[in-house]
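Okay, structure first, notes after.
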Amino acid sequence: MVLTINNMLTRVKSAVANFMGGIMAGSSSSDHVNGSDLPLKFPYMRPEFLGLSQDEIECSADHIARPILILKETKRLPWCTGYAEVINAGKSTHNEDQACCDVLTVKKKAGAPSTPSKNPVKRRSSLPNGEGLQLKENSDGDGLTFHYWALFDGHAGSGAAVVASRLLHHHVVEQLQELVDILKNSTVLPPTCYGDDPETSVNSRTLTRAVSLRGAAGAPGSPSAPQTRFFIEKKIMHECLVIGAIEKAFQNMDSLIEKERAMYNISGGCTALGVVCLLGKLYVANAGDSRAIIIRNGEVIQMSTEFTPETERQRLQYLAYMQPHLLGNEFTHLEFPRRVQRKEIGKKMLYRDFNMKGWMYKTIEEEDLKFPLIYGEGKKARVMATIGVTRGLGDHDLKVHDSNIYIKPFLSCTPQVEVYDLLQYEHGADDVLVLATDGLWDVLSNEEVGEAVANFLANCDPDDPHRYTLAAQELVMRARGVLKDRGWRISNDRLGSGDDISVFIIPLMYGNKLS
Ligand code: MG
């Protein structure tokens, strides 16, 4: 993810820094943005599971050598998960990507929802050496166990990404606590409502029967018809509750960052891509421009959608149309193919509004001279000339350069959640889920990644648990490339990725053992 200051000089400096592999002075990675003297919520770090010493962390930040870090002890992560990462080519002092992987047990929460306890999670003995890892769900009898992987891509500082990598899974646990009994009883649809009084707990199947009975007795227009309509209700499937829990967890994580930035220096914002494996299903939640794909039998299945100014244009334009004050009288919510010039007032120009996919002509007015809410194409597209990603966590203080216009109202912290039923397929050792930040996807397509992983794993010993980390290393290597005279180069002399790159490779065959 790239955050741009709309300033040509900065862009030139950045380009030079990327080319030279040096560190741009005063880069966006400062953990004391705006001179904040508040303490850090968590210190800058690399993922805990890498087990790096302070010296190793410092060495990993070499923008010229750009060493690829890999998981040394495969058993540190469940399912023999592979992981590799590399720092950027100089756009920020720190690697602003973060990663987390854990196995968590959710205990049933009694009574009504309450504020998060300080220690809601009982960690299992999967870390640091994986011994004692049990693959069966519900192994604690009254709890639910889930597996969790997540990548965060920070911008304008590493604070938000570090905090989210340390806390988002706890918010997921907190949300699932209310659902333990409901999810474990998969033969009964979730109750529509429940409370302390058992009499008020109503099962939707009971209601469905009530609907059919009333429906049979009451023809439309008869006295009983309104009552029938009143009792009609949707059947909510179990997986929708999990999706809702994950969405709420992201929202609560964002609220916590907002609240705690008064006490701590939580700089910048971050994208978040999280995967929860629960009761045989993978829930892939994405808020940002990282991506998840499944490679199964050599075929690629995309499991997430990127959220950028282009993909979310209509949502952003509609918000600006409904609440024009958010534009600070400096931007227009309409989109034009290029900047409108004063001399073009009265002429016709192509434009798009929030309710259009296609283009139409309009007569240019004074109002249209304002800077477009969304401007630029592809990776250069920006919201209010500032940010190139439209979902994520943090960014509560982000403003348009040299103004008092906040960007946050246009950013959503709610992820899109895709579900994959692991139990519908018998997965082989080479069937994997790949999670990576945009540093990988900027230079490699799904097909290139699918082919590279399939070929790599096909040439590895299928019993070597380290093969997934080696495959992740291979992907990072292919995206970073090698340093030549003209900068980082990958195959066919294409430009390598100068961004931070982080990759998880998760073998899916272990998911089949969870049923
Ligand atoms: Mg990135």
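The values are calculated or read from the model by the stated rules, or taken from the named source; none is laboratory data. Everything numeric here is computed off the predicted structure, so don't read it as measured data. All Cβ positions, even for glycine, are placed from backbone atoms using ideal geometry, and neighbour counts span all protein chains on display. Accessible surface is based on the protein model in full, side chains and every heavy atom, while ligands, DNA and RNA are left aside. Shrake-Rupley method; radii C 1.70, N 1.55, O 1.52, S 1.80 Å.
Tell me whether the stretch 452-461 contains one or more residues that are within 22 Å of the chain's Cα centre (by Cα) and polar (S, T, N, Q). The answer is no; no qualifying residue exists. Would it be correct to say that Glu447 is touching a helix residue (DSSP H, G or I) at 6+ places or on another chain (Cβ under 7 Å), open to solvent by 70 Å² or more (accessible area, probe 1.4 Å) and touching a residue at least 24 places away in the same chain (Cβ under 8 Å)? It is false that Glu447 is touching a helix residue (DSSP H, G or I) at 6+ places or on another chain (Cβ under 7 Å), open to solvent by 70 Å² or more (accessible area, probe 1.4 Å) and touching a residue at least 24 places away in the same chain (Cβ under 8 Å). Checking each residue in the stretch 409-438 for being open to solvent by 30 Å² or more (accessible area, probe 1.4 Å), over 17 Å from Ile293 (Cβ atoms) and outside any loop (DSSP other than H, G, I, E, B) picks out Pro409, Leu423, Gln424.
Of everything in the stretch 157-180, what is surrounded by 24 or more Cβ atoms within 10 Å (Cβ to Cβ) and either closer than 16 Å to Leu40 by Cα or within 16 Å of the ligand (Cβ to nearest atom) (or both)? Give them in sequence order. Selection gives Gly157, Ser158, Gly159, Ala160, Ala161, Val162, Val163, Ala164, Ser165.
Filter the stretch 142-156 for residues that are away from the ligand (no atom under 12 Å from the Cβ) and open to solvent by less than 10 Å² (accessible area, probe 1.4 Å); which is modelled with the lowest pLDDT? Restricting to residues being away from the ligand (no atom under 12 Å from the Cβ) and open to solvent by less than 10 Å² (accessible area, probe 1.4 Å), the top hit is Gly143.
Among the residues making up the stretch 72-107, those that are at pLDDT below 85 and out of contact with any Leu (no Cβ under 8 Å at 6 or more places or on another chain) are Glu73, Thr74, Lys75.
Quick one: which residue in Leu278, Leu350, Leu327 is crowded, with 19+ Cβ neighbours inside 10 Å, more than 19 Å from Phe152 (Cα to Cα) and either more than 19 Å from the chain's Cα centre (by Cα) or within 16 Å of the ligand (Cβ to nearest atom) (or both)? Of Leu278, Leu350, Leu327, the one residue that is crowded, with 19+ Cβ neighbours inside 10 Å, more than 19 Å from Phe152 (Cα to Cα) and either more than 19 Å from the chain's Cα centre (by Cα) or within 16 Å of the ligand (Cβ to nearest atom) (or both) is Leu327.
Beta carbons closer than 9 Å, at least 6 apart along the sequence or on distinct chains, pair a first residue in the stretch 93-108 that is over 11 Å from Ser165 (Cβ atoms) and away from the ligand (no atom under 16 Å from the Cβ) with a second that is acidic (Asp, Glu) and open to solvent by 10 Å² or more (accessible area, probe 1.4 Å) for Thr105/Asp140; Val106/Glu174; Lys107/Asp140; Lys107/Asp142; Lys108/Asp142; Lys108/Glu178; Lys108/Asp181.
For every residue, the table says whether it meets (1) open to solvent by less than 10 Å² (accessible area, probe 1.4 Å); (2) more than 16 Å from the ligand (Cβ to nearest atom); (3) part of a helix (DSSP H, G or I).
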site	(1), (2), (3)
Gly244	no, yes, yes
Glu247	no, yes, yes
Met253	yes, yes, yes
Leu256	no, yes, yes
Tyr264	no, yes, no
Leu273	yes, no, no
Val300	no, yes, no
Thr308	no, no, no
Gln317	yes, yes, yes
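Per the conditions (1) among the acidic types (Asp, Glu); (2) open to solvent by 30 Å² or more (accessible area, probe 1.4 Å); (3) at pLDDT 95 or above, the sole criterion not satisfied by Asp464 is (3). Restricted to the stretch 439-471, and to residues there that are in a helix (DSSP H, G or I) and within 16 Å of the ligand (Cβ to nearest atom), the residue that is nearest to His427 (Cα to Cα) is Val449.
Taking the listed residues Ser204, Ser186, the one that is at pLDDT below 80, farther than 30 Å from Gly269 by Cα and open to solvent by less than 50 Å² (accessible area, probe 1.4 Å) is Ser204, with no other qualifying. The residue pairs whose first member lies in the stretch 386-412 and is aromatic (Phe, Trp, Tyr), whose second member is assigned to a strand (DSSP E or B) and open to solvent by 20 Å² or more (accessible area, probe 1.4 Å), and whose beta carbons are closer than 9 Å, counting only pairs six or more residues apart or on different chains, are Tyr406/Lys399.
Tell me which residues, restricted to the stretch 472-494, are within 15 Å of the ligand (Cβ to nearest atom) and either free of Cβ contacts under 8 Å to residues at least 40 places away in the same chain or open to solvent by 10 Å² or more (accessible area, probe 1.4 Å) (or both). Those that are within 15 Å of the ligand (Cβ to nearest atom) and either free of Cβ contacts under 8 Å to residues at least 40 places away in the same chain or open to solvent by 10 Å² or more (accessible area, probe 1.4 Å) (or both): Arg480, Trp488.
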